[in-house]
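Chemist: Have a look at this one before I ask anything.
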Amino acid sequence: MCWNGQMELHALLQNEPLMTGIVEKLFSMDWKDWVSLQVSDHIDTAIRVQAWLFFFFATVALVPVRNWIFRFAYLLGAINLVFLAWLKYFDAGVGLGHFFEHSSQFCLPLVLYLVVFGKGWRFPVIITAGIAMILTFTGHGLFAIDLPSEIPWLNHPRPGNFTEMTMLCLGLESEVVAGRILLVAGILDLAAAIMLLVAGRLRAAALSYMVIWGLLTTLARPWSYFDPASATEAMSRWLPEALYRVPHFALPLCLLLALPRRRMKN
């Protein structure tokens, strides 16, 4: 996604109310010069460098080595994903749910860190993964239900692309019907997040729902926007969007598989 320029770094660094004083003090530049094409090109270069960092983190995750350098890389990868999620939240200008719905993504390196260096799916791993999924599905559910508010951090209006993707995936022509489907999905998201706190069959049902719905929402973007006439361009744009959301179903799937084995060991 960063390689395609999909990182909201411009929204942060070219935000006049926030950055004017910093630019003048650190770089002794006028704001008009700061928003010039030359500076914009430098920001694009920084985004491309960030892309290489993410490629590095992905490679490190495949290396079966357990020294301090690799521990640091896992944690640095998590920090980078937190920053990416915050940039998206900052650019969107909506409620906190927009940040927390990315929890599965930025918590995944922490889960991997705890599994690798903690020798298995122990209690800290289960807690971290569980909290990440609760926050992800709560944030997603708030937007699907459509809960606008005058208070900025509570403002969760339904994004237009939610409705658009629902209509494209299901072949619907009515926005009202799509809205009703999203309302039901949002209620189920919140119910699953609550059920995850309960042991037993309810937790298993919640995880199963998260696996299925997480997979469907992950595939929704390439499925909705794929154009056979420009297949390469469409896949280069939407396949990374799908890969970025793999934790939405992969993390609950791992937990669903790990919990029975953990009970057998106990």
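Chemist: Using the structure shown, decide if Met7 is out of contact with any Pro (no Cβ under 7 Å at 6 or more places or on another chain) and closer than 28 Å to Pro222 by Cα.
Modeler: yes
Chemist: Give the residue, chosen from Ser236, Ser224, that is surrounded by fewer than 14 Cβ atoms within 10 Å (Cβ to Cβ), modelled with pLDDT under 95 and not β-branched (Val, Ile, Thr).
Modeler: None of the others qualify; the one that does is Ser236.
Chemist: Then there's this: Picking from Ala73, Ala92, which residue would you name as being of a type outside the set (Val, Ile, Thr), modelled with pLDDT of 90 or more and within 27 Å of Arg48 (Cα to Cα)?
Modeler: Of Ala73, Ala92, the one residue that is of a type outside the set (Val, Ile, Thr), modelled with pLDDT of 90 or more and within 27 Å of Arg48 (Cα to Cα) is Ala92.
Chemist: Need the failing condition index for Ala78 against (1) over 19 Å from Pro247 (Cα atoms); (2) hydrophobic (A, V, I, L, M, F, W, C); (3) at pLDDT 90 or above; (4) outside the structural domain of His248 (by TED's automatic domain parsing), just the number.
Modeler: For Ala78, the exception is condition (1).
Chemist: So which of Val63, Val39, Val35, Val23 ends up being in contact with a helix residue (DSSP H, G or I) (Cβ under 7 Å, 6 or more places away or on another chain), modelled with pLDDT under 90, outside the structural domain of Phe106 (by TED's automatic domain parsing) and more than 30 Å from Pro222 (Cβ to Cβ)?
Modeler: On the way: Val63 fails: more than 30 Å from Pro222 (Cβ to Cβ); Val39 fails: in contact with a helix residue (DSSP H, G or I) (Cβ under 7 Å, 6 or more places away or on another chain); Val35 fails: in contact with a helix residue (DSSP H, G or I) (Cβ under 7 Å, 6 or more places away or on another chain).
Exactly one of Val63, Val39, Val35, Val23 is in contact with a helix residue (DSSP H, G or I) (Cβ under 7 Å, 6 or more places away or on another chain), modelled with pLDDT under 90, outside the structural domain of Phe106 (by TED's automatic domain parsing) and more than 30 Å from Pro222 (Cβ to Cβ), namely Val23.
Table: residues versus (1) of a type in the set (Phe, Trp, Tyr); (2) under 30 Å from Ala58 (Cβ atoms).
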position	(1), (2)
Leu183	no, no
Trp223	yes, yes
Ala250	no, yes
Leu255	no, yes
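Chemist: What are the residues in region 107-156 that are touching a residue at least 12 places away in the same chain (Cβ under 8 Å), assigned to a loop (DSSP other than H, G, I, E, B) and over 28 Å from Leu62 (Cβ atoms), if any?
Modeler: Those that are touching a residue at least 12 places away in the same chain (Cβ under 8 Å), assigned to a loop (DSSP other than H, G, I, E, B) and over 28 Å from Leu62 (Cβ atoms): Asp146, Ser149, Asn155.
Chemist: Out of Ile127, Ile187, Ile212, which single residue is of a type outside the set (Lys, Arg), in the same structural domain as Tyr244 (by TED's automatic domain parsing) and farther than 21 Å from Cys107 by Cβ?
Modeler: On inspection, the qualifying residue turns out to be Ile187.
Chemist: Could you please find all residues in region 35-56 being without any contact (Cβ under 8 Å) to a residue 40 or more places away in the chain, out of contact with any Asp or Glu (no Cβ under 9 Å at 6 or more places or on another chain) and under 22 Å from Phe83 (Cβ atoms)?
Modeler: Ser40, Asp41, His42, Ile43, Asp44, Thr45, Ala46, Val49, Trp52, Leu53, Phe55, Phe56
The values are calculated or read from the model by the stated rules, or taken from the named source; none is laboratory data. In this text the structure is predicted, and so the values were computed from the model without any measurement. Cβ atoms come from the backbone with ideal geometry, glycine included; neighbour counts cover every protein chain shown.
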